[in-house]
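Reading through the structure tokens given below for one structure.
The values are calculated or read from the model by the stated rules, or taken from the named source; none is laboratory data. Only a predicted model underlies this, so the values are computations on that prediction, with no experimental measurement involved. We place every Cβ from the backbone using ideal geometry, glycine too, and count neighbours over all the protein chains shown.
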Amino acid sequence: MKAGKTDPNLAAVISALKAESRASGVGIWRDIALRLEKAKANWAEVNLSKLERYASEGDVIVVPGKVLGAGELSKKVTVAAYGFSESARAKIEAAGGKDLTIMELVKEMPKGTGVKIMG
């Protein structure tokens, strides 16, 4: 028997992502939901230095896990993640970017066009 997630907020996000994927036929939301269903030890933890290295100006990036504040960010990017460290949030905003929850991104871009997964 498989145990589900015990965090009700996380379970709601996973359920909403799967429902959105079924409703709109967009596979990216299901992919992110499946990544969030994994054990937290296997979640992505992306530092700002990785965003700086691999993201381009204006990119929309989803991190199915947490964004950490190590490194610097000089590009204006939109980053959606399940969680952010306080320093990561401050540095993204200081660079002119946006930090969103995954569900806020789903509402802004329901088709998922141009969204990149990092992590």
Mind checking whether some residue in the range 34-54 is of a type in the set (Asp, Glu), touching a Ser or Thr at 6+ places or on another chain (Cβ under 9 Å) and under 22 Å from Pro110 (Cβ atoms)? no
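Conditions (1) touching a strand residue (DSSP E or B) at 6+ places or on another chain (Cβ under 7 Å); (2) farther than 14 Å from Ile117 by Cα; (3) surrounded by 15 or more Cβ atoms within 10 Å (Cβ to Cβ), marked per residue:
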{"site": "Asn9", "(1), (2), (3)": "no, yes, no"}
{"site": "Ile14", "(1), (2), (3)": "no, yes, yes"}
{"site": "Lys18", "(1), (2), (3)": "no, yes, yes"}
{"site": "Gly25", "(1), (2), (3)": "no, yes, no"}
{"site": "Glu52", "(1), (2), (3)": "no, yes, yes"}
{"site": "Lys75", "(1), (2), (3)": "no, yes, yes"}
{"site": "Thr78", "(1), (2), (3)": "yes, no, yes"}
{"site": "Ala90", "(1), (2), (3)": "no, yes, no"}
Complete set of residues in the range 59-78 that are closer than 30 Å to Ala11 by Cα and not aliphatic (A, V, I, L, M): Asp59, Pro64, Gly65, Lys66, Gly69, Thr78
In this structure, is Arg35 closer than 26 Å to Gly96 by Cα and either loosely packed, with under 12 Cβ neighbours inside 10 Å or modelled with pLDDT of 95 or more (or both)? no
